[in-house]
Amino acid sequence: MPNARNSELPWLAECPLRETADEVAAYFDRLWPLLRSITGEGVRRTHDILGELVPLERIEIPSGTRCFDWTVPKEWICRDAYVIGPDGRRLLDVRQNTLHLVNYSIAFRGVLSRAELDEHLYSLPEMPEAIPYVTSYYAPRWGFCLPHAMRTSLPEGRYEVVIDAEHVDGSLTLSQAVLPGKEPAEVLISTYTCHPSLANNELSGPLLAAFLYRRLAAIERRRLTYRFVWLPETIGSLAYLARYGEYFRRRLVAGYVASCVGDRGPLTYKRSRRGDGAADRAALYALRRLAGDSLRVLEFEPSGSDERQYCSPGFDLPVGVIARSIYGAYREYHTSLDNRNFISFDSLVESVDAYLAVLGALDANATYRRTAPCGEPQLGRHGLYPSLGGPTVRDESLVALRWLLNLADGEHDLLAIAERSRVPLSALADATRRCLAAGLIERVALIE
Amino acid sequence: MPNARNSELPWLAECPLRETADEVAAYFDRLWPLLRSITGEGVRRTHDILGELVPLERIEIPSGTRCFDWTVPKEWICRDAYVIGPDGRRLLDVRQNTLHLVNYSIAFRGVLSRAELDEHLYSLPEMPEAIPYVTSYYAPRWGFCLPHAMRTSLPEGRYEVVIDAEHVDGSLTLSQAVLPGKEPAEVLISTYTCHPSLANNELSGPLLAAFLYRRLAAIERRRLTYRFVWLPETIGSLAYLARYGEYFRRRLVAGYVASCVGDRGPLTYKRSRRGDGAADRAALYALRRLAGDSLRVLEFEPSGSDERQYCSPGFDLPVGVIARSIYGAYREYHTSLDNRNFISFDSLVESVDAYLAVLGALDANATYRRTAPCGEPQLGRHGLYPSLGGPTVRDESLVALRWLLNLADGEHDLLAIAERSRVPLSALADATRRCLAAGLIERVALIE
Amino acid sequence: MPNARNSELPWLAECPLRETADEVAAYFDRLWPLLRSITGEGVRRTHDILGELVPLERIEIPSGTRCFDWTVPKEWICRDAYVIGPDGRRLLDVRQNTLHLVNYSIAFRGVLSRAELDEHLYSLPEMPEAIPYVTSYYAPRWGFCLPHAMRTSLPEGRYEVVIDAEHVDGSLTLSQAVLPGKEPAEVLISTYTCHPSLANNELSGPLLAAFLYRRLAAIERRRLTYRFVWLPETIGSLAYLARYGEYFRRRLVAGYVASCVGDRGPLTYKRSRRGDGAADRAALYALRRLAGDSLRVLEFEPSGSDERQYCSPGFDLPVGVIARSIYGAYREYHTSLDNRNFISFDSLVESVDAYLAVLGALDANATYRRTAPCGEPQLGRHGLYPSLGGPTVRDESLVALRWLLNLADGEHDLLAIAERSRVPLSALADATRRCLAAGLIERVALIE
């Protein structure tokens, strides 16, 4: 993905660090077999591993805690789950594939006929080789998931079902990490860790967030504060908003939900509910330069992932989604086919590039005001202009300077100037540094 | 006209009543021969007949009453008007065709030469078979209208002219009928009854309004109040505004001038002066679904009918025009060719459908606000969500619910949500009822 | 240029005066040989000659006066400048071509080798026949400019250099002329007189301004006040803004920088920083009617001429540029090829037409309010309507009247009405006069 226009994006060339595909793959392989759910040990072990990359602050929210219209559910403990068939062979074993068990199933032990068992089976006739991913968080239920081809070939006979599980008062786990900047304004990267063995629609997100954090920490000049959070989808973001929602209303200038970032498809940007705020403009500015015409831009809609909570009308936070093949838009979504083969670790690393480019655009995107706004400054006096005038004077940096000095009126942010002038953001950022040094402009604080 | 998409329009399928073409035709045939003008007995008899369909409240405004820059003129009494030709035969008899007499003519009796008579004749050389419709309300004048072919064949000789008419202090007649709703916000249907025997540009409007009233009265759930008025064009709407203008400024959310709704042409919408208010959006939403690409949309212009008064800058009311072949846009306009053959009673009934669809869209178009706007509601808890999550859950009503709950922020009306989400208004209206019942949203009163 | 649609432009047909190309050429030929710079006698003599056409008020601003970030430089006196070659022949003589000397050069006398001289020579390898125009206002430097072909053929040997010049405390010269109108709102025409012998990018502008003043003075009905200023580029407009900037902020409704208006290219409009204010709309309205599709419209950018100062963020005045082949857009720019042959005096006179048309549109572009805004006025009562109504009444002036009376709401200016109605501005201006006379509208003062 790094191409000719990357030099126009402030941080992409600047960052000294870039993870390798192998490095990402190694973490992936450790996280893959864990039985995650919205609560429980699978999540904690996932965060332990991610904690090797990022200094995570863990937050445990007790079962029963009210979060707006919702309540934190009990913690799910699942020790074992399988079925023994008429021939005595173990099948649908959760240790073999975490998707076999309906996630958050209640405990059950018993012997059932083929027909009785079938009432608790889930499969996809239209995708006979795939195990579907099924959950039942808010209604007590048990069940197994399997390829439809396997289901139709199950013989008559007695089936012994074992689900050694319980739901106990415990807590919901989420982890955050904050990289402070020079300003109180914050950017949020939110990703979820509640899906079991699914590759694109789950593990790609938490991995991207961890490696992005590491790259960001290596960049010296950071104006904004960057907050990363790993949480269970929906109830996790609700619990997080219950704690930080008011704060975000005052502080958040942008947020992105990281999900489905590992497949080989082109980049996708789903706009925030506001549609055209700085979060959207920065993402589109950077992603268009990286992906060109292949970028897919989606309008906001209230289906999807945690952006539904961040963009609920009571918050209406500037949160969009940067993905590749977004949830629901690919056939393998929420099935066992969304696996290691479906994704590419090179793609995932390039997704980290894309996020970094977007954050670089955001970080550069301040608003400035001329200290003496009447007339142009005499650039030569400030060491910013060639002293000889003639027909051949042409200087790209002079163009950037003039646009900045003309539109530094406290109303245009740097992205607005870049859009109006067609001067690259990086050139404007350079001009900004020179003009700040010369005392010609000052930054306008938009968030106190 | 009723087609596949009508189910997306709240009231069209819901109304238990629909008049037949024959029923409309019977009323048309009784109204046709009456000699209407801006004042007088022809108007009153017209309203008497319409009063069989609608409980009319009659308002008589005395001659001489000042209405802004205008004054209610004297009442016109015309007992007879004709010419006796050189051969003793009666011609240009107002009893044969009301258009023969220049409307509002002063009294005259006398014997004239062919040439003297000709100074008082009006015909259309370019439409030699048509009698033109000519009026002289504000300058005392008498005259006769006739086909140009007849005029050129009038022989030399003596012509006896009889116009047994007078202008007396009396009153201007208008009638209204109000269907109250649950809210003070009102919708106005305005139509005129001052033209004599003209079919599309006159009788189609008053008939549509009467049958629309009857249909509307049969609908149980009406949120808004619907006001219908039958009045003489221009001076009538001015007199009405003199009485209700201030009230309308506070109460009126939409109004439509009903005129030229009986011909076989496609539907036309002429925007209000504001151009894109709720009145315009509701009309366009419904009419586009009914008429598809055949809909003609006209920008506001200050010529036309009573919308000129409603949309004068001192009022600027949200009043548009829903028509078929609008005034001036068809050749037969304001001539004797605008007659029973020119219109179709089936078309007229379908125009009533169109008005009903527009009013249904308006009535649904409230603005709502989430009672607890932070995060999504837990739909399952409110009986609004399937308890099992998996790859196959797809539910159109869920899409409508989510959009409503996301955009119910007190700023988006239901049409705005329909436009942004592309969810049909009827589905959003269903979602609204379910969410109101669950206490998740509340209506925002825009007019107190 | 005067074409079929000129009658739609208020002043173009109305003005009794139009200069001839020969008249302009005579002034051009007198101004051409003067050695202008940002200060000095060349400028004063230029203004003396222009003063024959316009009653100029001269303003002298002392050297050392602070103007925002700038300081008025010393006055440049240049008595002589030339080089004597190895063969004793005088070359690069400023009396032969004012461009030979680097403008504002410091004094120098000395004998140099070919190589030493070359360090002070400026030429254009890519245009070997052209003398470049080079200035060094803010760094002390001397030099000569010459065709590159000549430079490469200079023989080895001794060159005697004479620059009899000095920089003294003096003043910077600018001249203004004001044509008062009925209202305090002002329009500015700004042009510069600091370039030596250059035709399109300099003399065309000052000449246009002078002849435009003369035409404007001959028009009786002028609503606005017109202010013309001739000044040195950049430092002149800064000095002028230091004096009038605050005043302009309150008074200026439009301004245009007149430059590059004499060549044979099509008309160009460069928008003001605001982009779509009345100044831009009036210019585009008139210029589109004059130039049709050949009009080039440029977005504002902070390079160019004095609009950079007028449009600096502290002022943000509504100042655009009306030109033909604008600065930098033609190859001859800032070289000796921008000479009498490059321009056409017929073109220049047509540029005066264009400016006059724009000012006529601006002058007509007032905002009106109905004195009694409810309902339409009864036009007949005010002598504005035919008394007989019928199918054949069609009157273009009636259309203009109705639009004016509908949109005279204190918010639409006449250009906005023209754009919305597609009624020509001149017809609306006529309707305005009739309605003002009838007391139906009143002007809304936008500037007190």
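Go through (1) buried (at least 21 other Cβ atoms within 10 Å of the Cβ); (2) farther than 30 Å from residue A:410 by Cα; (3) touching a strand residue (DSSP E or B) at 6+ places or on another chain (Cβ under 9 Å) and name the single condition residue C:296 misses.
(1)
It is to be established whether one or more residues within the stretch A:314-329 are within 10 Å of chain B (Cβ to nearest Cβ) and modelled with pLDDT under 95.
Quick first cut of the stretch A:314-329, residues within 10 Å of chain B (Cβ to nearest Cβ) only: A:314-316, A:328.
Those still in the list that are modelled with pLDDT under 95 too: A:328.
Checked against the condition, which is being within 10 Å of chain B (Cβ to nearest Cβ) and modelled with pLDDT under 95, the stretch A:314-329 yields at least one hit.
Which one is surrounded by the fewest Cβ atoms within 10 Å (Cβ to Cβ), of the residues in the stretch B:189-209 that are over 10 Å from the mean Cα position of the chain (by Cα) and of a type in the set (A, V, I, L, M)?
The extreme case among them is B:198.
Output the number of the condition that residue C:160 fails; it satisfies all remaining conditions of (1) out of contact with any Leu (no Cβ under 7 Å at 6 or more places or on another chain); (2) within 28 Å of residue C:44 (Cβ to Cβ).
Failed condition: (2).
Being within 12 Å of another protein chain (Cβ to nearest Cβ) and on the phi > 0 side of the Ramachandran plot, is that true of even one residue in the stretch B:103-125?
The answer is yes, given that some residue of the stretch B:103-125 is within 12 Å of another protein chain (Cβ to nearest Cβ) and on the phi > 0 side of the Ramachandran plot.
Could you check the stretch C:338-365 and list, in sequence order, the residues that are crowded, with 19+ Cβ neighbours inside 10 Å and over 20 Å from the mean Cα position of the chain (by Cα)?
Of everything in the stretch C:338-365, those that are crowded, with 19+ Cβ neighbours inside 10 Å and over 20 Å from the mean Cα position of the chain (by Cα) turn out to be C:364, C:365.
What number of residues in the stretch B:123-179 are of a type outside the set (A, V, I, L, M) and within 25 Å of residue B:330 (Cβ to Cβ)?
16
Can you work out which of the residues in the stretch B:126-143 that are crowded, with 20+ Cβ neighbours inside 10 Å and closer than 25 Å to residue B:153 by Cβ is farthest from the other protein chains (Cβ to nearest Cβ)?
The residue in question is B:131.
Scan the stretch B:48-70 residue by residue and report those that are over 21 Å from residue B:35 (Cβ atoms) and more than 14 Å from chain C (Cβ to nearest Cβ).
Initial filter on the stretch B:48-70 (over 21 Å from residue B:35 (Cβ atoms)): B:53-55, B:57, B:59, B:62, B:64-70.
Scanning the stretch B:48-70 gives B:53, B:54, B:55, B:57, B:59, B:62, B:64.
Here is a yes/no grid of residues against (1) surrounded by 14 or more Cβ atoms within 10 Å (Cβ to Cβ); (2) out of contact with any Pro (no Cβ under 9 Å at 6 or more places or on another chain):
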| residue | (1), (2) |
| --- | --- |
| B:71 | yes, yes |
| B:81 | yes, yes |
| B:85 | yes, no |
| B:96 | no, yes |
| B:104 | yes, no |
| B:119 | no, yes |
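Please state which of the following conditions residue C:178 fails to meet, knowing it meets all the rest: (1) more than 13 Å from chain A (Cβ to nearest Cβ); (2) surrounded by 19 or more Cβ atoms within 10 Å (Cβ to Cβ); (3) β-branched (Val, Ile, Thr).
Of the numbered conditions (1) more than 13 Å from chain A (Cβ to nearest Cβ); (2) surrounded by 19 or more Cβ atoms within 10 Å (Cβ to Cβ); (3) β-branched (Val, Ile, Thr), the odd one out for residue C:178 is (2).
Suppose the filter is on the phi > 0 side of the Ramachandran plot and surrounded by fewer than 17 Cβ atoms within 10 Å (Cβ to Cβ); does residue A:40 pass it? Give the steps one after another, and end with the answer.
Working: on the phi > 0 side of the Ramachandran plot: yes; surrounded by fewer than 17 Cβ atoms within 10 Å (Cβ to Cβ): no.
Considered against the rule, which asks whether it is on the phi > 0 side of the Ramachandran plot and surrounded by fewer than 17 Cβ atoms within 10 Å (Cβ to Cβ), residue A:40 comes out as no.
Return the pairs, sorted by first residue and then second, in which the second residue is crowded, with 24+ Cβ neighbours inside 10 Å and polar (S, T, N, Q), the first residue lies in the stretch B:407-426 and is closer than 20 Å to residue B:13 by Cα, the beta carbons are less than 6 Å apart, and the residues are 6+ apart or on different chains.
Every condition considered, the pairs that remain are B:414/B:365; B:415/B:365.
With the requirement that a residue be assigned to a loop (DSSP other than H, G, I, E, B) and basic (Lys, Arg), what does the stretch C:143-189 give you?
Scanning the stretch C:143-189 gives a single hit, C:182.
Here is a list of conditions, (1) touching a strand residue (DSSP E or B) at 6+ places or on another chain (Cβ under 6 Å); (2) among the β-branched types (Val, Ile, Thr); (3) more than 27 Å from residue A:172 (Cα to Cα), and residue A:219 meets all of them except one; can you say which number that is?
(1)
Kindly provide the set of residues from the stretch B:275-309 that are out of contact with any Phe, Trp or Tyr (no Cβ under 8 Å at 6 or more places or on another chain) and closer than 24 Å to residue B:68 by Cβ, ordered by number.
B:277, B:300, B:303, B:308
Inspect the stretch C:161-182 for any residue being more than 16 Å from residue C:103 (Cβ to Cβ), touching a residue at least 24 places away in the same chain (Cβ under 8 Å) and in contact with a His (Cβ under 6 Å, 6 or more places away or on another chain) and give the result as yes or no.
yes
Considering only the stretch B:287-313, how many residues are among the small types (Gly, Ala, Ser), within 16 Å of the chain's Cα centre (by Cα) and at pLDDT 95 or above?
1
On the basis of being more than 10 Å from chain A (Cβ to nearest Cβ) and in contact with a Cys (Cβ under 7 Å, 6 or more places away or on another chain), does residue C:297 make the cut? Lay out the reasoning, then the answer.
Working: more than 10 Å from chain A (Cβ to nearest Cβ): yes; in contact with a Cys (Cβ under 7 Å, 6 or more places away or on another chain): no.
Criteria not met by residue C:297.
Specify which of the listed residues (B:333, B:310) is of a type in the set (Ser, Thr, Tyr) and either buried (at least 21 other Cβ atoms within 10 Å of the Cβ) or more than 14 Å from chain C (Cβ to nearest Cβ) (or both).
Answer to the check: B:310.
Hey, among B:67, B:15, which residue is of a type outside the set (Lys, Arg) and closer than 30 Å to residue B:414 by Cα?
The conditions single out B:15.
Which pairs have Cβ atoms under 8 Å, sit 6 or more apart or on different chains, and link a residue in the stretch C:89-113 that is modelled with pLDDT of 95 or more to one that is surrounded by fewer than 13 Cβ atoms within 10 Å (Cβ to Cβ)?
C:94/C:80; C:95/C:80; C:106/C:140; C:113/C:156; C:113/C:157
The values are calculated or read from the model by the stated rules, or taken from the named source; none is laboratory data. Since we're looking at a predicted model, the values are computed, not measured. As a convention, Cβ positions derive from the backbone with ideal geometry for all residues, glycine included, and neighbour counts pool all protein chains shown.
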